[in-house]
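Participant: Mind having a look at this structure? Questions to follow.
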Amino acid sequence: MTNTQLILAALRSRTVQFSIALAVLSLLQGFVLQLPIPAWGHAIVGSVIAVCIVVLRAITTQPLSEK
């Protein structure tokens with residue numbers, strides 16, 4: 001499987017889609033909502049969560065190539 005095929009297979013994973021959405025929403029939340037946490041704090045927390053989800057997806061039993 002080529003790298004392009006692997007990327008397309010990963011994008012079909014709901015976990016990867018969720019992590020991408022979470023990363024985007026965490027960046028937007030800092031500018032849209034006025035919470036007492038600074039915008040960079042939201043961005044960092046969201047990005048860390050997104051990375052963790054992708055790592056967890058990568059170590060699950062079903063490989064991305066089977067997507």
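Participant: Only one residue in Ile59, Ile49, Ile44, Ile37 is modelled with pLDDT of 80 or more and open to solvent by 80 Å² or more (accessible area, probe 1.4 Å). Which one? Break it down stepwise before answering.
Facilitator: On the way: Ile59 fails: modelled with pLDDT of 80 or more; Ile49 fails: open to solvent by 80 Å² or more (accessible area, probe 1.4 Å); Ile37 fails: modelled with pLDDT of 80 or more.
Only one candidate passes the filter, namely Ile44.
Participant: Give me the pairs, please: first residue somewhere in region 26-38 and under 15 Å from Ile49 (Cβ atoms), second residue anywhere and of a type in the set (Val, Ile, Thr) and at pLDDT 70 or above, beta-carbon distance under 7 Å, and either six or more positions apart or on two chains.
Facilitator: Close Cβ pairs (under 7 Å, with a partner that is of a type in the set (Val, Ile, Thr) and at pLDDT 70 or above) amount to Ser26/Val45.
Participant: Go through region 44-62 and give me each residue that's within 17 Å of Leu6 (Cβ to Cβ) and part of a helix (DSSP H, G or I).
Facilitator: Hits for region 44-62 are Val54, Val55, Arg57, Ala58.
Participant: Does Ala10 satisfy the criteria of being surrounded by 14 or more Cβ atoms within 10 Å (Cβ to Cβ) and either charged (D, E, K, R) or modelled with pLDDT of 80 or more (or both)? Before you say what the answer is, go through the steps one by one.
Facilitator: Numbers: surrounded by 14 or more Cβ atoms within 10 Å (Cβ to Cβ): yes; either charged (D, E, K, R) or modelled with pLDDT of 80 or more (or both): yes.
It is true that Ala10 is surrounded by 14 or more Cβ atoms within 10 Å (Cβ to Cβ) and either charged (D, E, K, R) or modelled with pLDDT of 80 or more (or both).
The values are calculated or read from the model by the stated rules, or taken from the named source; none is laboratory data. Everything numeric in this text was worked out from a predicted model, so none of it was measured. When we count neighbours, we look across all protein chains shown, and the Cβ atoms used for this are built from the backbone with ideal geometry, even at glycine. When the accessible area is computed, the model is the full protein with side chains, heavy atoms only, and any ligands, DNA or RNA have been set aside. Shrake-Rupley method; radii C 1.70, N 1.55, O 1.52, S 1.80 Å.
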